[in-house]
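Just below is one structure, and these are the notes that go with it.
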Amino acid sequence: MSQCADNKVCVWGNNDYEWLLAAQLHGQRSWLDVFNNGKGENNQNDSWANKSSRHDGCGVDKVDGGGDRITFWRDSRDPDLAWFNSNFVSAMRTTNGC
């Protein structure tokens, strides 16, 4: 969890906040294709944290904002995603939720 600074939305590739995949500043409206970088990070999400007190974020299956979605609620975190929310995120935004 120490890898995720205040006002960031963070996604990890393993349970319990291990293997940081993304740490994005809150308030970004555009879809950020931060997982398709050629390092094998696409569709690997297993835990997340949103350290923003103002913005809900969103992770999606398609880089244009389509497909399955998971909301990264403000001031929240999930150390072990359920199987149906795990391993599908391809893009994220850090405001406006899903």
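The values are calculated or read from the model by the stated rules, or taken from the named source; none is laboratory data. Just so it is clear, the model here is predicted, and its values are computed rather than measured. The area values use the complete protein model at the heavy-atom level, side chains included, leaving out ligands, DNA and RNA. Shrake-Rupley method; radii C 1.70, N 1.55, O 1.52, S 1.80 Å.
Here are the numbers for this structure:
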read-out: Per residue accessible area in Å² of the chain, where ligands, DNA and RNA are left out and the probe is 1.4 Å; value: 51 Å²
read-out: Which label in (i) 1.25; (ii) 0.91; (iii) 1.10 gives the computed Cα Rg over 2.2 N^0.38 Å; value: (ii)
read-out: Fluctuation leader among K62, K51, K39 - the chain, Gaussian network, Cα springs under 10 angstrom; value: K39
read-out: Within the accessible area of the chain (1.4 Å probe), percent carbon and sulfur; value: 42 percent
